[in-house]
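Trainee: First, the structure itself, so that you have it in front of you.
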Amino acid sequence: MQYEITLPADYDMKIIRERVATRGHALDDRAGLGLKAYVIRERGVDGSPVNQYAPFYLWDGIGEMGEFLVGGGGFQGIVSDFGRPAVHHWTGVACHAGPARAGVPTAAARRLTPVPAGADPAAAVEEALAELAVTARAEGVHTAALAFDPRDWQLLRFVLWEEGVPASEGEECERYEVLHLSAPHLAGIPEGRHW
């Protein structure tokens with residue numbers, strides 16, 4: 001799950017940094033939360049055209065996500081401060097622990113890849129799974145996840161990095177700075193393919 005709050009070009013991102021520094025620990029022991037990466041993009045940094053606060057979540061189950069969003073479980077703070085953003089959610093395909101899982105990630109990369117109308121979705125997923133498994137073994141990877149959106153037939157690849165996103169992730173990925181990571185039940189997210 002991820003929502004993106006795009007902020008004005010002249011927005012002082014210190015406000016978001018302070019928000020995360022003072023409120024980010026609230027989910028450090030959240031039931032059902034695999035991880036929440038408090039990520040930002042700053043205009044002009046790592047090729048970002050925008051200032052954006054865009055937290056990314058891995059949930060242990062759909063019920064926990066629903067309770068967070070509409071059951072009084074915490075999302076009301078975002079709504080009251082920024083309005084109600086569109087919340088993107090995907091079906092989990094795979095998750096891998098990387099060699100830097102014990103460390104603290106400082107960067108993340110997100111890549112969205114459409115599955116063309118004439119392509120075999122199963123073949124596209126298999127190819128993405130193989131690529132994800134290779135990436136997950138790379139030095140500096142904390143966590144690598146793959147998911148898909150069956151509404152728009154799109155694959156999502158999200159990788160947390162300990163020391164910055166390497167050039168090997170490609171120009172097509174969006175690069176984020178990780179301000180904080182809450183990972184209370186990351187060990188509960190199944191390793192590898194989810195079926």
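The values are calculated or read from the model by the stated rules, or taken from the named source; none is laboratory data. Just so it is clear, the model here is predicted, and its values are computed rather than measured. So basically every Cβ, Gly included, is an ideal-geometry build from the backbone, and we count neighbours across all protein chains shown.
Trainee: Examine the stretch 50-65 for a residue that is among the small types (Gly, Ala, Ser) and at pLDDT below 95, and state whether such a residue exists. Lay out the reasoning, then the answer.
Mentor: Residues of the stretch 50-65 that are among the small types (Gly, Ala, Ser), as a first pass: 54, 61, 63.
Now drop any that are not at pLDDT below 95, which leaves 61, 63.
Yes, the stretch 50-65 contains a residue that is among the small types (Gly, Ala, Ser) and at pLDDT below 95.
Trainee: For the structure I just gave you, tell me whether TYR38 is over 25 Å from ARG193 (Cβ atoms), crowded, with 17+ Cβ neighbours inside 10 Å and touching a His at 6+ places or on another chain (Cβ under 7 Å). Show your work before the answer.
Mentor: On the way: over 25 Å from ARG193 (Cβ atoms): yes; crowded, with 17+ Cβ neighbours inside 10 Å: yes; touching a His at 6+ places or on another chain (Cβ under 7 Å): yes.
Judged against the criteria, TYR38 is a match.
Trainee: Could you tell me whether the stretch 19-32 includes any residue that is over 19 Å from LEU179 (Cα atoms), part of a helix (DSSP H, G or I) and hydrophobic (A, V, I, L, M, F, W, C)? So that I can check it myself, show each step before the final result.
Mentor: First, the residues of the stretch 19-32 that are over 19 Å from LEU179 (Cα atoms): 31-32.
Next, from what is left, pick out any that are part of a helix (DSSP H, G or I): none.
Among the residues of the stretch 19-32, not one is over 19 Å from LEU179 (Cα atoms), part of a helix (DSSP H, G or I) and hydrophobic (A, V, I, L, M, F, W, C), which makes the answer no.
Residue-by-condition table, conditions (1) within 26 Å of GLN52 (Cβ to Cβ); (2) basic (Lys, Arg); (3) touching a Leu at 6+ places or on another chain (Cβ under 8 Å):
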{"residue": "GLY118", "(1), (2), (3)": "no, no, no"}
{"residue": "GLU127", "(1), (2), (3)": "no, no, no"}
{"residue": "VAL141", "(1), (2), (3)": "yes, no, yes"}
{"residue": "ARG193", "(1), (2), (3)": "no, yes, yes"}
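Trainee: If you scan the stretch 154-180, which residues turn out to be surrounded by fewer than 21 Cβ atoms within 10 Å (Cβ to Cβ), among the aliphatic types (A, V, I, L, M) and either within 14 Å of GLY92 (Cα to Cα) or modelled with pLDDT under 95 (or both)?
Mentor: Listed by number, the list holds a single entry, ALA167.
Trainee: Name the residue, out of GLY44, GLY32, that is touching a residue at least 40 places away in the same chain (Cβ under 8 Å) and either at positive phi or not hydrophobic (A, V, I, L, M, F, W, C) (or both).
Mentor: It is GLY32.
Trainee: In the stretch 143-176, what residues are part of a loop (DSSP other than H, G, I, E, B) and of a type in the set (Val, Ile, Thr)?
Mentor: Correct list: VAL165 only.
Trainee: Considering every residue within the stretch 85-93, establish whether at least one is touching a strand residue (DSSP E or B) at 6+ places or on another chain (Cβ under 9 Å) and over 21 Å from ARG151 (Cβ atoms).
Mentor: Narrowing the stretch 85-93 to residues touching a strand residue (DSSP E or B) at 6+ places or on another chain (Cβ under 9 Å): 85-93.
Within this subset, residues satisfying the condition of being over 21 Å from ARG151 (Cβ atoms) are none.
No, there is no match, as no residue in the stretch 85-93 is touching a strand residue (DSSP E or B) at 6+ places or on another chain (Cβ under 9 Å) and over 21 Å from ARG151 (Cβ atoms).
Trainee: In the stretch 120-146, what residues are of a type in the set (A, V, I, L, M) and either modelled with pLDDT under 95 or closer than 30 Å to GLU42 by Cβ (or both)?
Mentor: Taking the stretch 120-146 and keeping what is of a type in the set (A, V, I, L, M), we get 122-125, 128-130, 132-134, 136, 138, 141, 144-146.
Within the stretch 120-146, ALA128, LEU132, VAL134, ALA136, ALA138, VAL141, ALA144, ALA145, LEU146 meet the criteria.
Trainee: Now for a separate question. Looking for something buried (at least 17 other Cβ atoms within 10 Å of the Cβ), touching a residue at least 60 places away in the same chain (Cβ under 8 Å) and within 24 Å of GLU4 (Cβ to Cβ) - is there at least one such residue anywhere in the stretch 139-153?
Mentor: The answer is yes; a qualifying residue exists.
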